[in-house]
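No lab work stands behind these numbers, since they all come straight from the coordinates. Source: prediction; values computed, not measured. Reconstructed Cβ throughout: ideal geometry from the backbone, glycine too, with neighbour counts over all protein chains shown.
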Amino acid sequence: MKKIISIIILMVLIITGCSTVEKPNDSSGEKLIVYTSFYPLNFLAEEIGGTNIDLRMVIPNGVDSHDYEPSMKQLKNIEEADIFIYNGAGFENWADKLIGTIIDEDKALKASDEVKLIETNGIADPHIWLNPQNMNKIGEKIKDRLIFLDEKNKDEYEKNFNELSKRLNELDNQFLKKLEHKNKDAILVSHAAFAYMAERYDFDQISVAGISPEQEPSPKTIANIIEIVKEEDYEYIFLETLANPKTVDIIAEETDLKTIILNPIEGLTEGEQTSGEDYISIMYNNLENLKKALVN
Ligand SMILES: [Zn+2]
């Protein structure tokens with residue numbers, strides 16, 4: 001796969017080299033073109049940039065973000081970006097290869113550079129957006145970058161960021177408050193997406209799959225989890241919205257666990273989009289379900 005991406009990038013570069021070079025944003029009054037790799041970062045840019053930016057998202061909603069490979073046309077289009085915001089920490093392997101080739105380094109904004117990373121078995125965990133305080137830090141960086149490139153809309157970017165920051169702080173406070181008196185200290189999850197949430201709100205995640213939802217658990221892992229569940233008196237196992245529930249179903253059947261949703265917000269489902277859900281509303285749903293599993 002690495003080879004294929006390299007070839008695609010090379011082809012894009014050749015095509016780019018042959019076309020006339022356009023200067024982005026040389027006429028005043030044109031909006032900044034902001035590319036984000038996936039939903040949580042797109043949410044931040046949308047809230048802060050509002051109608052002052054031309055916002056585009058690479059990984060569409062409803063697909064598995066870990067697995068996504070952009071098309072050649074998409075890669076070519078990203079070249080127009082004034083800012084390219086991506087997660088890093090191994091979440092979008094294709095994105096790192098764009099920096100310094102299709103995207104100048106000074107146009108990239110790598111969200112994972114702004115927060116303290118958690119490592120599992122020596123590998124950085126990419127799911128940084130599931131701690132609202134991390135979203136605050138990344139949002140502030142996006143705001144600063146927008147102001148740097150588009151000074152005339154400074155007041156609006158400041159105002160939008162302050163409002164967003166207030167909502168994220170309130171979300172964080174609600175998590176702290178509602179999970180304060182928990183009487184269980186761990187949750188069972190289908191994929192290990194919740195380390196940042198678990199660290200912030202002081203619980204553990206026991207996962208069926210690895211950091212990426214495609215990692216199929218071995219029969220031994222499944223047997224271990226069934227053992228843990230029987231010993232520890234768990235009531236719920238968390239499913240997520242965009243992943244395959246097969247393994248979780250096996251465990252739930254073997255153990256009489258109830259399945260419940262914990263959403264890693266790696267993209268919105270069609271249903272979530274039509275009902276107007278966003279990062280913050282989904283996080284509040286997550287909180288309600290966490291309360292069921294941790295507090296009773
Ligand atoms: Zn994930």
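Tabulated data
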{"quantity": "Total lysine pairs whose alpha carbons fall under 12 Å of each other in region 181-294 (8 or more apart, or interchain)", "calculated": "5"}
{"quantity": "Straight-distance crosslink candidates among lysines, where the alpha carbon sits under 29 Å from Lys154 and sequence neighbours closer than 8 are dropped", "calculated": "Lys23, Lys31, Lys107, Lys110, Lys116, Lys137, Lys141, Lys143, Lys166"}
{"quantity": "Percentage relative contact order, the chain, counting C-alpha pairs under 8 Å, at least six apart", "calculated": "18 percent"}
{"quantity": "More than 18 Å apart - percent of Cα-Cα pairs taken over region 176-296", "calculated": "50 percent"}
{"quantity": "Rounded FRET efficiency, nearest 0.05, which uses the C-beta distance separating Asp54 from Lys152 and R0 of 22 Å", "calculated": "0.90"}
{"quantity": "Cα centre as origin, Lys/Arg/Asp/Glu Cβ charges: the chain dipole, Debye", "calculated": "280 debye"}
{"quantity": "Per-peptide average of other Cβ atoms within 10 Å, ordering 115-127, 258-270 highest first", "calculated": "258-270, 115-127"}
{"quantity": "Beta bridge orientation in the chain: antiparallel %, DSSP, nearest 5", "calculated": "10 percent"}
{"quantity": "From phi via Karplus (6.51, -1.76, 1.60), per-residue ³J(HN,Hα) for region 266-274 in Hz, x at Gly/Pro", "calculated": "8, x, 8, 6, 4, x, 5, 5, 5"}
{"quantity": "Degrees, to the nearest 10: 132-149 long Cα axis against longest axis of the chain", "calculated": "0 degrees"}
{"quantity": "Rg/Rg_globular for the chain, with Rg_globular taken as 2.2 N^0.38 Å and Rg from C-alpha atoms", "calculated": "1.07"}
{"quantity": "FRET efficiency, 1/(1 + (r/R0)^6) with R0 41 Å, evaluated for Asn285 and Glu69 via beta carbons", "calculated": "0.85"}
{"quantity": "Peptides 176-182, 223-229 ordered by average Cβ neighbours within 10 Å, highest first", "calculated": "223-229, 176-182"}
{"quantity": "Sequence-separation-based contact order of region 181-294, relative, with Cα cut under 8 Å and 6+ spacing, percent", "calculated": "26 percent"}
{"quantity": "Fewest-first ranking of Met72, Met135, Met57, using other Cβ atoms within 10 Å as the exposure measure", "calculated": "Met72, Met57, Met135"}
{"quantity": "Alpha-carbon centroids, region 91-159 and region 30-48: separation in whole Å", "calculated": "11 Å"}
{"quantity": "15 Å Cα-Cα reach of Lys97 towards aspartates and glutamates, excluding residues that sit fewer than 8 places from it in its own chain", "calculated": "Glu69, Glu79, Glu105, Asp106"}
{"quantity": "Structure-based [θ]222 nm, the chain - -39500 (n - 2.57) summed over DSSP H runs of at least 4, per residue, nearest 500", "calculated": "-14000 deg cm²/dmol"}
{"quantity": "Ascending count of other beta-carbon atoms within 10 Å, so fewest first, for Asp54, Asp82, Asp204", "calculated": "Asp204, Asp54, Asp82"}
{"quantity": "Total charge dipole magnitude, region 181-294, about the Cα centre, Cβ charges on Lys, Arg, Asp, Glu only, Debye to nearest 20", "calculated": "180 debye"}
{"quantity": "Reach of Lys152 by Cα under 20 Å, taken over aspartates and glutamates that are not fewer than 8 positions away in the same chain", "calculated": "Asp26, Glu30, Glu46, Glu47, Asp54, Asp82, Glu140, Asp144, Glu163"}
